[in-house]
Each structure stands twice: as structure tokens, then as C-alpha cells.
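Take a look at the structure below.
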Amino acid sequence: MSGGPDPKDFPGPTGANPGRVKSARVAVLGTGVMGAGVARSLLRAGHRVSVWNRTHDRAAPLGRSGAIVTTEIGECVLDASVVITLLYDASATLDVKPHLLESMGPEAVWVQSATIGPDGARQVARGVRRFLDAPVLGTRGPAEAGQLVSLVSGAADVAAAARPVIDGYSSRVVEAGPEIGRASALKLVCNAWVDLLVAGVGQSIAMAEQLDLDPALFLRAIEGGPVDAPVAQAKGAAILDDSTGVPSFALPGVVKDIGLMFSAVAATELRTELMVAMRDAYERVEETEYRDHDMAAVWRGFLR
Ligand SMILES: NC(=O)c1ccc[n+]([C@@H]2O[C@H](COP(=O)([O-])OP(=O)(O)OC[C@H]3O[C@@H](n4cnc5c(N)ncnc54)[C@H](OP(=O)(O)O)[C@@H]3O)[C@@H](O)[C@H]2O)c1
């Protein structure tokens, strides 16, 4: 596999070209919100996909989409040329690591796509021969549509080998350099922005309500203008529809990621006042009965 496949075999994002793609054998470990979407996108792109999840019932429905649903990690990764992990955090990923390495082929590439921070990425990569630090931007909808943005760091030949598979669930790939941990650092930089944006939408909606305004007026006022953002409209709509109970990204994950941000910048000169305020807002709601709601539920944290 070294040197990677010929790019002409893989015409652009494979999700857009089912039927033309050279099929790879891909294992997806973790079929939560993101893993399930990625697995379905890979299947649509023509890859052969096996899946494993700690709670088997959560993986079983993927069988109807054509995935091979396995009960053992070893069975899942055996024969796979690319293994994707999309587990909750670094600790969960380290838990599966020994089982994964036991059965993964020597030329297979491990594409680690959960948000685990740069230290987590380096820890997970330790002792792994062909590893890519490849977290993703996007949420439930983009994962299902094969439209995630993959942030990638690792050796060029390893990245090239995995690229046809990554293209199966990504609309874009942003290369962050060869050093493992760079992509995970970039992911935290991006999440700092997203988390702030969603908290800002929540604050403005809560504020509108307190000022006896219809909060929909806020979304209408920014719509299509230079200060609008798709995520503002999507999360704003979820707040106004009261549909935060179906999470695209649940609050504990946001709080986990903000914790990773603090760890990552601890030894730097970055001031963290804004990050502290953002963490407080999400934590306030995470400690309530809305814990399992989408991050958009942060708006509740702005009310006394
Ligand atoms: N959702 C998003 O919008 C989004 C976007 C970008 C990145 N991410 C990142 O992608 C990763 C997955 O997110 P998600 O939203 O898909 O989370 P999720 O729906 O909560 O799924 C978490 C997955 O991790 C598994 N897991 C947790 N602890 C485990 C352990 N100790 N051993 C084995 N498996 C374990 C869960 O298995 P069970 O089903 O058995 O609990 C499940 O498969 C996270 O790192 C998240 O930060 C999420």
C-alpha cells in the first residue's frame, strides 16, 4: 500500500461518484451519531464496510444498509485496509487500541477521527505503524451526507493510502502537516469557534425573549447577511422548534471538547476568559435534565 493508490482511480469525493469508486475494505469502530453516518456514506460510495459498536444494538441497523455488523473488534478489523475510530474520547479509543492492533493487518491504516485533542492523538498513535490523525468538522447531517470536512495530519504516503476512503465521507480534506497532533489541534481551534457561535445564538435568542421580542426576528434579521452563518440558522431553528432533544452533538461532548481546549492551551500564552464563559454556559445546562440534549440547548444557560 505504500505510495498510495493511483489518484485517477478515485475521481473526487467518492460519495458523489458511486459506481466509479475502487472499493476498499473499511472497518468503522463506534457507530454513534458520527460513526453511523460515516459508515452509511462509505457504503453509498461503494466501499465494503464492517462495523463494531460496544453496544451491539446501536450497530445492528447498519446491517440493513449493507454493512457487515460484527460483535468482536478483531472480526471487524481483520482484512480491512482502513480502520476508522469514531469513539467518544481518548479513553474509549485507548480501550479498543490493543484489540484493534491485535487483528489489524500490518499495511492497514488507522484513521482516528474522534475529537481527542493533540495529546490524545499522540498517545493513541504511539506504537501504531500507519496512523492518521483525522478528526472531522460537521455533525449528524454532514456525516450522513458524506459532507464532513476532514482535518488530516500524518505521513504523506499514509494519508494518500487512506484518501479514497476519507473522500467517501468528506467534501473536503484540510492537511495540517505531517506531525501527529496538528490536525487534532486544528480541530480544537475550529470547535472553539463553533461552540462560541452556538453559545452566541443561544444568548441572543434568550435575550430576545427577555426583551419581549419574538426570537425568530433575530434569525430573520441576520438571515443571508454578512453576520449570518448556516450553523446559526440550524441551531436557532432547533431552539425555536424545541427539537434540541434529538442531538446532533450532545452537551457532554461539547464540555469534553472545551476541556481538551483548556489542556491544549495550558502551557501557552492564550488568555482564556472567553473560553471560561463559554464552558460555564454549556456546563450549566449539562448539569440539568437537558444533559442529553443537543448543544443548542445552551440557550437555557443564559437564563437566571
Ligand atoms: N456529533 C457531532 O456533531 C460531532 C462532530 C465532530 C466530531 N465529533 C466527535 O466524534 C466522536 C463521536 O461523536 P458522536 O457524536 O458520534 O458520539 P456518540 O453518538 O455519543 O457516540 C459515541 C461512541 O463512542 C462509544 N464509546 C463510548 N465509550 C466507549 C468505550 N469506553 N469503549 C468503547 N466504545 C465507547 C459509544 O458506544 P456505545 O454506543 O456503546 O455507548 C459510541 O459508539 C466524539 O469524539 C465527538 O467529539 C462529534
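Bear in mind these aren't lab numbers, they're just calculated from the coordinates by the rules spelled out. Just so it is clear, the structure is predicted and the values come from calculations on it, not from any experiment. Using ideal geometry, Cβ is built from the backbone for each residue, glycine included, and neighbour counts are taken over all protein chains shown.
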- Message: Looking for something more than 11 Å from the ligand (Cβ to nearest atom), in contact with a Cys (Cβ under 9 Å, 6 or more places away or on another chain) and farther than 18 Å from Leu188 by Cα - is there at least one such residue anywhere in region 108-124?
- Response: no
- Among the residues of region 73-112, which ones are surrounded by fewer than 17 Cβ atoms within 10 Å (Cβ to Cβ), charged (D, E, K, R) and out of contact with any strand residue (DSSP E or B) (no Cβ under 7 Å at 6 or more places or on another chain)? Glu75, Asp95, Glu102, Glu107
- Item | Every residue from region 237-272 that is more than 16 Å from the ligand (Cβ to nearest atom) and in contact with a Gly (Cβ under 9 Å, 6 or more places away or on another chain) | Ile239
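Here is a check on your reading of the model: is Gly63 more than 14 Å from the ligand (Cβ to nearest atom) and part of a loop (DSSP other than H, G, I, E, B)?
Spelling it out, it is not the case that Gly63 is more than 14 Å from the ligand (Cβ to nearest atom) and part of a loop (DSSP other than H, G, I, E, B).
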- Take the residues in region 66-99 that are outside any helix (DSSP H, G or I) and closer than 24 Å to Val255 by Cα, then tell me which one is nearest to the chain's Cα centre (by Cα). Leu86
- Going by the structure shown, is Ala39 within 13 Å of the ligand (Cβ to nearest atom), touching a residue at least 24 places away in the same chain (Cβ under 8 Å) and assigned to a helix (DSSP H, G or I)? yes
- Query: Which of the residues spanning region 26-72 are among the polar types (S, T, N, Q) and either out of contact with any strand residue (DSSP E or B) (no Cβ under 9 Å at 6 or more places or on another chain) or more than 17 Å from Ala134 (Cβ to Cβ) (or both)?
  - Reply: Thr31, Ser50, Asn53, Thr55, Ser65, Thr70, Thr71
